[in-house]
Amino acid sequence: MITIASVDHRLHAPKSELAFGEFVPPYENPRRVDSILSRIAETKLGPVLPPERFGPELIRRVHSAPLLTFLETAWNQWSAHFGKDAPPALPLSWPVGGMRHIEPEGIAGKFAFFALDASTAITPTSWAAVRSAVDVALTAQKRVADGERTAFALCRPPGHHATADNYGGYCFINNAAVAAEAFRQGGARRVAILDVDYHHGNGTQAIFYRRPDVMFVSLHGAPETTYPYFAGYADEAGEGPGEGFNANYPLRHGTKWDAYGAALGHAIQRIENYGPDALVISLGLDTFEKDPISYLKLRSEDYIRIGEAIARLRRPTLFVMEGGYAIEELGLNTVNLLQGFEAKA
Ligand code: OKP
Ligand code: ZN
C-alpha cells in the first residue's frame, strides 16, 4: 500500500493543550506520525511519498470563506494584538443558544465565533501544516481515483471534527470531507465515508447531512459520555434530501471486540446496500484499550479484523488518518488495520 505523508505536519506542534482544567503536553503531536512511519518501514508496507500541492478549490467547496479567512490569518491577528511571543491562541467564550451569530471584529471574539472547543491551539505555523494535510489527502485520493485499489493519507492534524464553519477537536480542515468531495468532482456518483475514530465525526456528518450523494457512517463513543457530546446519537439519520444517508453507531464505555465487531458488521452492510463508487475511511485508532483519552477496549489484533471487514466491501478505498493517542502502539495498530485490508483486498 502506498502512503502519502508530508514533513510539514511538524509545523503544527503547540507546546500545550488545555485538558480537564489544566495545560498538558498535547495528545495530538508529531510523534504520532513518527510511530506510524517507523512501523510502515519495519513491516515494508509500501513506499511513502510526499504530497503534490493542490489549490484551494476543493477546500472551498467544503468550508465557508469566513472560516478559511480566519484560519489563514488568525495567528497574525492574535499576535498583532497580544504580541509576537503570545502563547498559542485559544478561545474562552462561545455563542450559545439565544445569542447573536455575528462574526465579531476583534480577534478574541473571532476565536469564540469559529472554535468549537478550547482543545485546539493555533501557532504561527499551524496553517502551513493544516494545508499540507489537505494536500496529503488529495494526493492519495487522486491515486485511488486514477485506479489504485487503495492508498493511505497520513494526515496530521486530523479533520473530522471540523464543520463548514468551525474548527476544533484538534481539527481545522476536514481532510476526509475534502477527499470525498474530490471523488464526487472526479465523477463518483456515490461516496461513502466510514468513520472508525473513537470520537464522533460531527464535522463530516454536518457537512453531508442534507446530501444523498455522500453517506456518512460512524462508530464512536456514545455522546451521553463522550466528546464532542452534541452529536452522534443513533437517531441522526440525515435531513431533507440527505435523509437515510447518515448512520451512527454509538458505543458504551468499555466496549470490546464482540459488540464492536457486531456494530461494524451493521455499518458495513449499510454501506454495501448504498453501493458507493468510492469509500473514504476516517481512520482513528483511539478505540484502543490503552488510548489515554478514550474508553473503548479494542486490542491490537482487532484492527486486523476491521481492515478485513472494510476490504470485503470491494470498493476503491482511501484511508485518511484521524486520531489515535497511544503513541507507542499507534504504528502497530494502524499498520495492522491496513495489512488486514490488504490481505483481503
Ligand atoms: C480528536 B479526534 C481530552 C478531551 C478531548 C478533544 C478530543 C479531540 C479528538 N483533552 N478533547 O477525534 O481523535
Ligand atoms: Zn478521536
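The values are calculated or read from the model by the stated rules, or taken from the named source; none is laboratory data. As the structure is a computational prediction, the values presented were derived from the model and not from experiment. Neighbour counts are summed over all protein chains in view; Cβ atoms, including those assigned to glycine, are modelled from backbone coordinates with ideal geometry.
Here's the yes/no breakdown for (1) touching a residue at least 24 places away in the same chain (Cβ under 8 Å); (2) more than 24 Å from Ala153 (Cα to Cα); (3) within 16 Å of ligand 2 (Cβ to nearest atom):
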{"residue": "Pro250", "(1), (2), (3)": "yes, yes, yes"}
{"residue": "His253", "(1), (2), (3)": "yes, yes, yes"}
{"residue": "Asp258", "(1), (2), (3)": "no, yes, no"}
{"residue": "Gly265", "(1), (2), (3)": "yes, yes, no"}
{"residue": "Glu272", "(1), (2), (3)": "yes, no, no"}
{"residue": "Gly275", "(1), (2), (3)": "yes, no, no"}
{"residue": "Ala278", "(1), (2), (3)": "yes, no, no"}
{"residue": "Ile293", "(1), (2), (3)": "yes, no, yes"}
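Determine which member of the set Ser35, Ser6 is within 16 Å of ligand 1 (Cβ to nearest atom) and of a type outside the set (A, V, I, L, M, F, W, C). It would help to see each step written out before you state the result.
Details: Ser6 fails: within 16 Å of ligand 1 (Cβ to nearest atom).
Exactly one of Ser35, Ser6 is within 16 Å of ligand 1 (Cβ to nearest atom) and of a type outside the set (A, V, I, L, M, F, W, C), namely Ser35.
Which one is surrounded by the most Cβ atoms within 10 Å (Cβ to Cβ) among residues in the range 310-329 that are farther than 21 Å from Val130 by Cα and among the aliphatic types (A, V, I, L, M)? The qualifying residue surrounded by the most Cβ atoms within 10 Å (Cβ to Cβ) is Ile310.
For the condition within 16 Å of Ser218 (Cβ to Cβ) and modelled with pLDDT of 95 or more, what is the one hit in Ala326, Ala262?
Working: Ala326 fails: within 16 Å of Ser218 (Cβ to Cβ).
The unique qualifying residue is Ala262.
For Ala121, the conditions (1) small (Gly, Ala, Ser); (2) surrounded by fewer than 14 Cβ atoms within 10 Å (Cβ to Cβ); (3) closer than 28 Å to Tyr198 by Cβ are fulfilled apart from (2). Total residues in the range 174-191 satisfying the condition of being more than 16 Å from ligand 2 (Cβ to nearest atom) and either among the acidic types (Asp, Glu) or crowded, with 24+ Cβ neighbours inside 10 Å (or both): the figure is 7.
Report, by residue number, each residue of the range 163-174 that is over 12 Å from Thr120 (Cα atoms) and more than 12 Å from ligand 1 (Cβ to nearest atom). Write out each step before concluding.
First pass over the range 163-174, keeping only residues over 12 Å from Thr120 (Cα atoms): 163-165, 173-174.
Hits for the range 163-174 are Thr163, Ala164, Asp165, Ile173.
When restricted to residues that are assigned to a loop (DSSP other than H, G, I, E, B) and touching a Leu at 6+ places or on another chain (Cβ under 9 Å), the range 253-294 contains 10.
Among the residues of the range 40-53, is there at least one that is part of a helix (DSSP H, G or I), at pLDDT 95 or above, among the hydrophobic types (A, V, I, L, M, F, W, C) and surrounded by 14 or more Cβ atoms within 10 Å (Cβ to Cβ)? Within the range 40-53, one or more residues are part of a helix (DSSP H, G or I), at pLDDT 95 or above, among the hydrophobic types (A, V, I, L, M, F, W, C) and surrounded by 14 or more Cβ atoms within 10 Å (Cβ to Cβ).
When the range 131-162 is limited to residues that are within 16 Å of ligand 1 (Cβ to nearest atom) and not hydrophobic (A, V, I, L, M, F, W, C), the one that is surrounded by the most Cβ atoms within 10 Å (Cβ to Cβ) turns out to be His160. Filtered by the rule that a residue be more than 21 Å from the chain's Cα centre (by Cα) and in a strand (DSSP E or B), the range 227-252 gives no residues.
Restricting attention to the range 161-188, the residues that are among the acidic types (Asp, Glu) and either in a helix (DSSP H, G or I) or over 25 Å from Pro212 (Cβ atoms) (or both) total 1. Being within 16 Å of ligand 2 (Cβ to nearest atom), more than 25 Å from Arg61 (Cβ to Cβ) and among the aliphatic types (A, V, I, L, M) is a description that does not apply to Leu194.
Closer than 30 Å to Arg312 by Cβ, in contact with a Cys (Cβ under 7 Å, 6 or more places away or on another chain) and assigned to a loop (DSSP other than H, G, I, E, B): does that describe Pro158? I'd like the intermediate steps shown before the answer.
Working: closer than 30 Å to Arg312 by Cβ: yes; in contact with a Cys (Cβ under 7 Å, 6 or more places away or on another chain): yes; assigned to a loop (DSSP other than H, G, I, E, B): yes.
Against the criterion (closer than 30 Å to Arg312 by Cβ, in contact with a Cys (Cβ under 7 Å, 6 or more places away or on another chain) and assigned to a loop (DSSP other than H, G, I, E, B)), Pro158 qualifies.
Of the listed requirements (1) aromatic (Phe, Trp, Tyr); (2) touching a helix residue (DSSP H, G or I) at 6+ places or on another chain (Cβ under 8 Å); (3) within 16 Å of ligand 1 (Cβ to nearest atom), Phe23 misses just one: (2). Please find, within the range 16-39, the residue that is farthest from the chain's Cα centre (by Cα) out of those that are surrounded by 12 or more Cβ atoms within 10 Å (Cβ to Cβ), more than 16 Å from ligand 2 (Cβ to nearest atom) and part of a loop (DSSP other than H, G, I, E, B). Filtering first and then ranking leaves Ser16.
Filtered by the rule that a residue be out of contact with any strand residue (DSSP E or B) (no Cβ under 8 Å at 6 or more places or on another chain) and within 15 Å of ligand 2 (Cβ to nearest atom), the range 320-329 gives Gly323, Tyr325, Ile327.
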